[in-house]
1. Is there a quick way to get the dipole size of the protein assembly as shown? I mean about its Cα centre, with the Cβ of Lys and Arg at +1 and of Asp and Glu at -1; what is the value in debye to the nearest 20?
2. Can you give the FRET efficiency for B:His160 and B:Asp37, using 1/(1 + (r/R0)^6), R0 = 30 Å, r = Cβ-Cβ distance, to the nearest 0.05?
3. Tell me the net charge near B:Gly93. Cut-off is 15 Å between Cβ atoms, B:Gly93 excluded, with +1 for each Lys or Arg and -1 for each Asp or Glu.
4. What dipole magnitude, in Debye to the nearest 20, does chain B give about its Cα centre under +1 on Lys/Arg Cβ and -1 on Asp/Glu Cβ?
5. Over segment B:1-76, what is the relative contact order in whole percent, taking alpha-carbon pairs under 8 Å and six or more residues apart?
6. May I ask you to compute the full-extension gain from B:Ala186 to B:Ala201, defined as 0.36 nm times their residue separation minus their alpha-carbon distance, rounded to one decimal in nm?
7. Just report the Cα centroid separation between segment A:9-80 and segment B:78-129, whole Å.
8. If you average the sequence gap of Cα pairs under 8 Å that are 6 or more apart and divide by the length of segment A:87-163, what percent do you get for the contact order?
There are 2 protein chains.
Amino acid sequence: MNLKVAFQGEHGAFSEEAARIMFGPDVVTLPQRNFDDMFAAVIAGAAGCAMAPIENTLAGSVIRNYDLLLEHDLTIVGEVVLRVVHNLIALPGVTLPEIKRVYSHPVALAQCERFFAAHPGLEVVSAYDTAGSVKMLVEGNRRDEAAIAGAPAAQAYGAHIVTAAIESNSQNFTRFYVLARPDRAADFSCTTAGQGGLAQAGVTNVRKTSIVFRIGNKPGVLYRSLAAFADEGIDLTKIESRPIEGRPWEYSFYLDFLGDRNDPPIGRALARLAGLAENLRLLGSYPKAEV
Amino acid sequence: MNLKVAFQGEHGAFSEEAARIMFGPDVVTLPQRNFDDMFAAVIAGAAGCAMAPIENTLAGSVIRNYDLLLEHDLTIVGEVVLRVVHNLIALPGVTLPEIKRVYSHPVALAQCERFFAAHPGLEVVSAYDTAGSVKMLVEGNRRDEAAIAGAPAAQAYGAHIVTAAIESNSQNFTRFYVLARPDRAADFSCTTAGQGGLAQAGVTNVRKTSIVFRIGNKPGVLYRSLAAFADEGIDLTKIESRPIEGRPWEYSFYLDFLGDRNDPPIGRALARLAGLAENLRLLGSYPKAEV
């Protein structure tokens with residue numbers, strides 16, 4: 001099956017690495033300028049799915065993707081967790097003492113603050129993308145500059161890793177949702193090859209489900225919404241809230257929990273929640289990632 | 001009482017406007033480069049309190065301030081809600097047809113997208129601050145440029161409002177916490193003048209309380225934590241979660257709810273929560289803002 005995966009960033013990005021972990025090294029990857037374009041590529045059918053980062057264990061939730069989940073009708077068909085390793089990358093042969101400036105995405109730069117504290121002579125410059133910074137310095141043949149990105153970015157542009165694993169905290173993971181059009185979701189419905197679906201690696205036999213709902217600004221409704229899950233013994237793994245445009249102090253709540261939409265306890269919880277919440281939407285049931 | 005209020009941004013910023021609403025037009029305001037410096041000014045005693053934006057009804061939570069609340073030992077002594085009105089501001093006498101470029105903070109620019117759609121000839125440029133953009137164009141005497149900021153920024157720098165209220169959505173409010181050192185919190189303990197404390201305007205007689213706690217990655221603990229409040233009939237008004245550095249998939253939860261720390265139901269709920277959660281911290285009880 002010739003799956004095309006849309007991702008935000010340039011070739012060599014962490015999202016592309018996540019796509020190769022899940023779908024294998026030969027998957028076709030389609031770089032997108034931003035998250036909006038990534039969603040649009042799937043909706044238009046140019047890509048079979050998108051690899052959308054949803055939270056990082058140091059930086060927190062990727063709120064733009066939470067908002068886009070609500071704006072568009074895509075289904076979560078999978079989940080991947082990637083260990084984020086930041087490397088100092090430069091042109092072949094360049095050594096650390098030659099480097100004057102380091103480019104990367106602001107989040108990556110912030111996650112390497114200990115390295116920069118130990119090397120105060122390096123000028124730090126914000127750029128739009130991690131892998132894109134490697135691409136830029138290779139295209140410009142700049143031997144006094146480096147970039148911070150994942151190892152695949154060095155390989156993608158013929159650069160080399162000067163110093164590996166320079167992140168301040170090794171407990172650095174990004175969780176991605178795999179998003180597909182509802183009419184294509186069945187293509188992703190099995191997790192082992194040879195069952196008529198797309199093989200997915202890096203996943204477990206445990207199922208997870210994600211939903212989003214709104215609740216009015218009424219006392220106790222949030223608690224009663226969560227009680228619907230607790231009374232069925234359902235384990236919540238993530239709760240995220242986002243403001244609702246035009247309705248100050250009201251929120252959309254996103255929940256992730258263990259179990260499949262077809263499990264009877266989850267069916268009962270969702271039925272109860274439907275009586276309390278507005279705009280309840282099932283975002284998808286999918287295999288839980290290995291962590 | 002000669003209160004000094006630290007705020008992030010330049011004179012004329014929305015945070016400074018919030019400080020004047022609460023403490024009156026003659027309050028001394030201390031501009032700070034960033035939120036870290038704002039916290040530091042209060043801790044060092046250079047300012048009596050900080051005016052910290054915590055959520056906007058369109059953009060969502062100000063996560064840096066949530067993180068700084070956890071890193072530092074400041075107490076929430078008040079709350080202000082400001083209606084955010086964006087204005088197109090230029091040098092005196094400049095009219096809309098003369099303007100080629102518009103500067104502002106990216107969030108402000110995004111909140112005026114309908115205005116820019118209606119005026120496609122305007123080049124949009126991101127800047128570090130709303131009021132700072134007004135300051136910049138006045139200092140540079142640039143007559144072909146404008147900035148987007150609140151009305152006080154026009155007054156602060158001798159500029160004028162070319163077009164008022166250009167925000168796409170009028171349901172645009174920012175909620176601020178007033179933060180003080182615990183040993184200074186009593187100075188803010190009354191809400192009417194002449195009672196020995198600082199007079200605060202824009203507040204109600206209803207009390208609110210904010211807490212933060214961590215829960216381990218264990219099934220059902222989040223639900224049981226919230227049940228402690230629901231069983232006492234306490235109304236949660238906001239829930240926010242942030243990842244815990246070094247402990248992947250564990251979170252700090254921030255709750256706001258109605259009532260004072262000394263109300264018996266709240267005391268019982270906090271006692272129950274203390275048995276479930278780690279690092280429970282009371283951030284403060286304060287008068288609810290008028291909304």
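1. Values: 54 positive and 64 negative charges, 130 e Å.
Once rounded to the nearest 20, the dipole reads 620 debye.
2. Values: r = 30 Å, r/R0 = 1.02.
Working from the Cβ atoms, E equals 0.50.
3. Details: positive: B:Arg142, B:Arg143; negative: B:Glu98, B:Asp144, B:Glu145.
Overall, the nearby charge balance is -1.
4. Details: 27 positive and 32 negative charges, 69 e Å.
That gives a dipole near 340 debye.
5. After rounding, I find 33 percent.
6. On the way: separation 15, 0.36 × 15 = 5.40 nm, distance 1.71 nm.
Net length gain for the segment: 3.7 nm.
7. A separation of 31 Å, based on Cα centres.
8. Numbers: 153 pairs, mean separation 38.9, N = 77.
Result for segment A:87-163 is 51 percent.
Coordinate-derived values only; no laboratory data. Quick caveat, the model's predicted, so the values are computed rather than measured. Positions of Cβ are generated from backbone atoms using ideal geometry, with glycine treated the same way; all protein chains shown enter the neighbour counts.
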